[in-house]
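*Asks:* One structure follows; several queries about it will come next.
The values are calculated or read from the model by the stated rules, or taken from the named source; none is laboratory data. This structure is a prediction, so every number in the text was calculated from the model and none was measured. All Cβ positions, even for glycine, are placed from backbone atoms using ideal geometry, and neighbour counts span all protein chains on display.
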Amino acid sequence: MEKVISKTEYNRKDHKKFYRFHMFHRSKSTYFILFIVLFVIVWTIYNTINAQGEEFSSIMILWAISAFTIMLIPMMMILQINNIVKKESQERKDSIDIVTANKHKIEKNSSHVEGKVVIGWHQVDAVYENREFIYIYTGPQQGIFIKKEDIIEGDVATFRKLAENNMKKNRKGKVKYRIRFRENKDEQ
């Protein structure tokens with residue numbers, strides 16, 4: 001029977017990478033925030049172009065607000081990620097996660113919590129793969145990840161095959177499995 005087992009010790013840096021990936025590839029709020037930043041910049045430029053000579057102080061205030069917005073928003077996003085990871089680090093220190101994927105389901109056992117999380121392939125919304133990780137999303141905000149180097153049984157190709165054969169298909173008959181890096185010929 002085809003299956004993939006990953007045994008990963010909790011690592012704060014890996015979780016930061018997961019949340020950063022999520023922020024730029026899955027989170028719709030990031031794009032909303034970028035829209036607001038662009039709106040503020042365009043509004044400031046428009047008011048600068050249409051300003052009269054005696055409105056110099058109000059234009060400087062607008063540019064100060066724009067600069068503050070441009071600096072504050074990314075800093076807030078980074079601080080939010082750091083706070084989430086800090087909280088998780090305190091809860092999950094020295095824990096080990098075992099993720100098992102077979103043709104029926106994906107199970108996640110964690111040493112810091114009793115019980116296990118069981119995900120059916122029909123619940124998997126999307127899978128993203130980069131050089132280091134496989135991110136498995138069950139919704140817009142929920143997901144787990146597998147660190148490729150921590151796979152102790154099976155391999156990445158087996159996981160891809162399991163996902164492509166068992167995930168629910170879209171209207172075009174394809175699954176949402178995205179590879180976010182270029183493979184070298186010797187890696188295949």
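*Asks:* If the requirement is being of a type in the set (S, T, N, Q) and either under 14 Å from ILE5 (Cβ atoms) or in the same structural domain as PHE24 (by TED's automatic domain parsing) (or both), which of these qualifies: GLN141, GLN123, GLN80?
*Replies:* One residue alone meets the criteria, GLN80.
*Asks:* Please give the number of the condition HIS15 fails out of (1) free of Cβ contacts under 8 Å to residues at least 40 places away in the same chain; (2) closer than 30 Å to ALA101 by Cα.
*Replies:* Going through the list (1) free of Cβ contacts under 8 Å to residues at least 40 places away in the same chain; (2) closer than 30 Å to ALA101 by Cα, HIS15 breaks only (1).
*Asks:* Report those strands (runs of 3 or more DSSP E) wholly inside segment 98-188 carrying at least 3 residues which are surrounded by 12 or more Cβ atoms within 10 Å (Cβ to Cβ).
*Replies:* So the answer is 105-110, 116-120, 126-129, 133-137, 143-147, 177-179.
*Asks:* With out of contact with any Lys or Arg (no Cβ under 7 Å at 6 or more places or on another chain) and either free of Cβ contacts under 8 Å to residues at least 24 places away in the same chain or not aliphatic (A, V, I, L, M) (or both) as the only criterion, which of THR30, THR8 stands out?
*Replies:* THR30
*Asks:* Can you go through ILE5, ILE36 and tell me which one is loosely packed, with under 13 Cβ neighbours inside 10 Å and on the phi < 0 side of the Ramachandran plot?
*Replies:* Being loosely packed, with under 13 Cβ neighbours inside 10 Å and on the phi < 0 side of the Ramachandran plot holds for just one of ILE5, ILE36, which is ILE36.
*Asks:* Considering segment 34-93 alone, what residues qualify as being in contact (Cβ under 8 Å) with a residue 12 or more places away in the chain and acidic (Asp, Glu)?
*Replies:* GLU88, GLU91
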